Structures are given as C-alpha cells and as structure tokens.
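To start, the structure itself, in structure tokens.
Every number here is computed from the coordinates shown, using simple stated rules; none is lab data. All of these numbers come straight from a predicted model, not from anything done at the bench.
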Amino acid sequence: MDTRCPTCGRNELIPIVYGLPLGDLFERSEAGEIALGGCTVSPDAPAQLCKNCAARVGRLAHNKEGLGGAAFLSIHPHTS
C-alpha cells in the first residue's frame, strides 16, 4: 500500500476507519495511527487521510467476495 500523499508528497497517510469505533480504535485515533471516518459510509468515501495536509485520498469499494457472499468493505488506496 502506498503511504505517500499525492497532494503534499509526505509519507504520512493513515487509514480512515468507518463504523462504530470499538475496542482500542479511540486510542489508536488519538495516537495518530488511524482516522475515524464516522458511521455513515458512502461509495466514494476516502480510504486514507494525510496527517500532514489533511488530504483525504483513495476510495473504499464494496466487495462481496470471500465471505460467503456477505458484504464487507475493503480499502483501495490511491495509485500514483
């Protein structure tokens, strides 16, 4: 996964996590390891956040493969 921001060029992209944050997600967000994206996910929701310039990049894609047809979200980061 490319972690270089296409906007500022810095290597500071972190994943955006959607849904109800459980477990250690609040702590990981406060530590700057992840960004919380909220509970509502749209098809064009960004997948990563740049900690330097706050650009939101990449996209989430709905994927029904691999879990017996159950829908889940997978991250598709930007490509340069």
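Any chance you could run the full-extension gain for Arg10 through Arg56? It's 0.36 nm times the residue separation minus the Cα-Cα distance, nm to one decimal.
Values: separation 46, 0.36 × 46 = 16.56 nm, distance 1.32 nm.
Working it through step by step, the gained length comes to 15.2 nm.
Could you run the Karplus curve 6.51 cos²θ - 1.76 cosθ + 1.60 with θ = phi - 60° over the stretch 41-49 and give me ³J(HN,Hα) per residue in whole Hz, x for Gly and Pro?
Using θ = phi - 60°, the values come out as 10, 9, x, 9, 5, x, 9, 9, 10 Hz.
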